[in-house]
Amino acid sequence: RTKKESRNSYRFFSTHMQVQTARNLQLVNALRHAIALDQLAVYYQPQVALDSGQLIGVEALLRWQHPQLGFISPAEFIPLAESSGLIISIGNWVLEQACQQIQAWKVAGIQGLSVSVNLSSIQFRDPKLPALVKGFLERYQVTPECLELELTEGVALENPEGAVAMMDALYALGVRLSIDDFGTGYSSLNYLKKFKVYKLKIDQTFVREVTSNDEDQAIVIAIIQLARSLGMKTIAEGVETPVQKAFLLAQGCDEMQGYLLSKPMHSDAATAFLLTYNP
Ligand code: C2E
Ligand code: MG
Ligand code: MG
Ligand code: MG
């Protein structure tokens, strides 16, 4: 590489960084007002039992539609919400929406489903979280087992004792706790015996090639067996094909969600789906 080339590539990199930073600033500023301006919506993706096909719940997934910037992916704005601190108010808003939705579905005759909400590790470290969850359960008359909180392995990293205390406080409320994207984080398996985990969510990166890639297959089988030995349920994320579904069922995975069943839907579409779904 010549000196000139390196300088150019450096300049390119630096310009790209500036553009990124400018967009990030713009997004954070816009995100500050997104709730008040009614730009955020919670979508719901159904989950079913693999053997019976019965509906077991939905996952709440946040959507942001900005009038000028268009649709912005949570993969882009959630990290920005976390680094700016906005994730506390946004995450609490999602929790409230989910509880409100559980109540609305109960009125519509849809009962016994769980609604799982993604929890940022920053929310998880908020000492006010248990009281907040308790307040929503009471206000919307939600049966605690209907609310599931999805955590990532990262929550146990910084302060393991604090994480165990928070887990215990949430567990005491009767809500269910699951580990999202299981197998992709940095963690020891030690926390699994201390945490009262109800379900492991098998990450879609392992599911994608589960029928063609030997390593992915071995990992998925190991996760299912680990969960079973520890008395936890498993759900596979990102199931897109009947072949993946058949493999997971044969291996004893309990549940699935993915485009094969449905994409995440607006609340109205989700309601229609839940009312008309036939295994
Ligand atoms: P996640 O919690 O692991 O959610 C699963 C993601 O996979 C969702 O992406 C979902 O739309 C997508 N997905 C579901 N089925 C399929 C499939 O069959 N194929 C493929 N290719 N993708 C599928 P989404 O909605 O873009 O969310 C991305 C991530 O953003 C989530 O990953 C979660 O970590 C985060 N996120 C979303 N909503 C919230 C929220 O309310 N709070 C927090 N803290 N994080 C959220
Ligand atoms: Mg999730
Ligand atoms: Mg996931
Ligand atoms: Mg994910």
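So the check is Cβ under 8 Å with 6+ separation or different chains; which pairs have a first residue in segment 226-239 that's touching a residue at least 12 places away in the same chain (Cβ under 8 Å) and open to solvent by 20 Å² or more (accessible area, probe 1.4 Å) and a second one that's within 16 Å of ligand 4 (Cβ to nearest atom) and in a strand (DSSP E or B)?
Partner pairs satisfying both residue conditions: Leu226/Leu200; Arg228/Thr234; Lys233/Lys199; Lys233/Leu200.
Could you count how many residues in segment 140-172 are surrounded by fewer than 17 Cβ atoms within 10 Å (Cβ to Cβ) and in contact with a Cys (Cβ under 7 Å, 6 or more places away or on another chain)?
Residues that pass the stated criteria total 0.
Being open to solvent by 10 Å² or more (accessible area, probe 1.4 Å), within 16 Å of ligand 3 (Cβ to nearest atom) and either farther than 25 Å from Thr143 by Cβ or modelled with pLDDT of 95 or more (or both) is the filter here, so list the residues in segment 187-205 that pass it.
Ser187, Tyr198, Asp203, Gln204, Thr205 - these are the residues of segment 187-205 that are open to solvent by 10 Å² or more (accessible area, probe 1.4 Å), within 16 Å of ligand 3 (Cβ to nearest atom) and either farther than 25 Å from Thr143 by Cβ or modelled with pLDDT of 95 or more (or both).
Please identify the pairs in which a residue from segment 76-89 that is closer than 18 Å to Val117 by Cα has its Cβ atom under 7 Å from the Cβ atom of a residue that is basic (Lys, Arg), counting only partners at least 6 apart or on another chain.
Note: pairs meeting the criteria are Leu86/Arg32.
Look at Lys128 and say whether it is at pLDDT 95 or above and within 12 Å of ligand 1 (Cβ to nearest atom).
no
For Ala227, only one of the following conditions fails: (1) out of contact with any Ser or Thr (no Cβ under 6 Å at 6 or more places or on another chain); (2) farther than 21 Å from Gln45 by Cα; (3) away from ligand 1 (no atom under 16 Å from the Cβ). What is its number?
Going through (1) out of contact with any Ser or Thr (no Cβ under 6 Å at 6 or more places or on another chain); (2) farther than 21 Å from Gln45 by Cα; (3) away from ligand 1 (no atom under 16 Å from the Cβ) one by one, Ala227 breaks only (1).
Please find, among Ala131, Ala163, the residue that is in contact (Cβ under 8 Å) with a residue 12 or more places away in the chain and of a type outside the set (Val, Ile, Thr).
Answer to the selection: Ala163.
Go through Ile179, Ile221 for me and flag whichever is open to solvent by 10 Å² or more (accessible area, probe 1.4 Å), of a type in the set (Val, Ile, Thr) and either more than 13 Å from ligand 3 (Cβ to nearest atom) or not in a helix (DSSP H, G or I) (or both).
Ile221
Scan the strands (runs of 3 or more DSSP E) fully inside segment 25-91 and keep the ones with 3 or more residues being open to solvent by less than 30 Å² (accessible area, probe 1.4 Å).
Those strands (runs of 3 or more DSSP E) span 40-49, 55-66.
Can you confirm whether segment 5-13 contains a residue that is modelled with pLDDT of 95 or more, open to solvent by 50 Å² or more (accessible area, probe 1.4 Å) and out of contact with any Lys or Arg (no Cβ under 6 Å at 6 or more places or on another chain)?
The answer is no; no qualifying residue exists.
Could you list all residues from segment 240-270 that are assigned to a loop (DSSP other than H, G, I, E, B), crowded, with 19+ Cβ neighbours inside 10 Å and more than 13 Å from ligand 1 (Cβ to nearest atom)?
Within segment 240-270, Cys253, Asp254 qualify.
Mind telling me which of the residues Phe136, Phe124 ends up being in contact (Cβ under 8 Å) with a residue 40 or more places away in the chain, within 16 Å of ligand 2 (Cβ to nearest atom) and among the hydrophobic types (A, V, I, L, M, F, W, C)?
Phe124
When you check Phe273 against the structure, is it in a helix (DSSP H, G or I), within 13 Å of ligand 1 (Cβ to nearest atom) and surrounded by 13 or more Cβ atoms within 10 Å (Cβ to Cβ), yes or no?
No.
What pairs can you find where one residue is in segment 189-210 and in a helix (DSSP H, G or I), the other is polar (S, T, N, Q), and their Cβ atoms are less than 8 Å apart, with a gap of 6+ or different chains?
Sorted first by the residue in segment 189-210, then by its partner, the pairs are Thr205/Thr184; Val207/Gln244.
The values are calculated or read from the model by the stated rules, or taken from the named source; none is laboratory data. All of these numbers come straight from a predicted model, not from anything done at the bench. Counting neighbours? That spans all protein chains shown, and the Cβs are built from the backbone with ideal geometry, glycine included. Quick note on the areas: whole protein, heavy atoms, side chains included, nothing else; ligands and nucleic acids left out. Shrake-Rupley method; radii C 1.70, N 1.55, O 1.52, S 1.80 Å.
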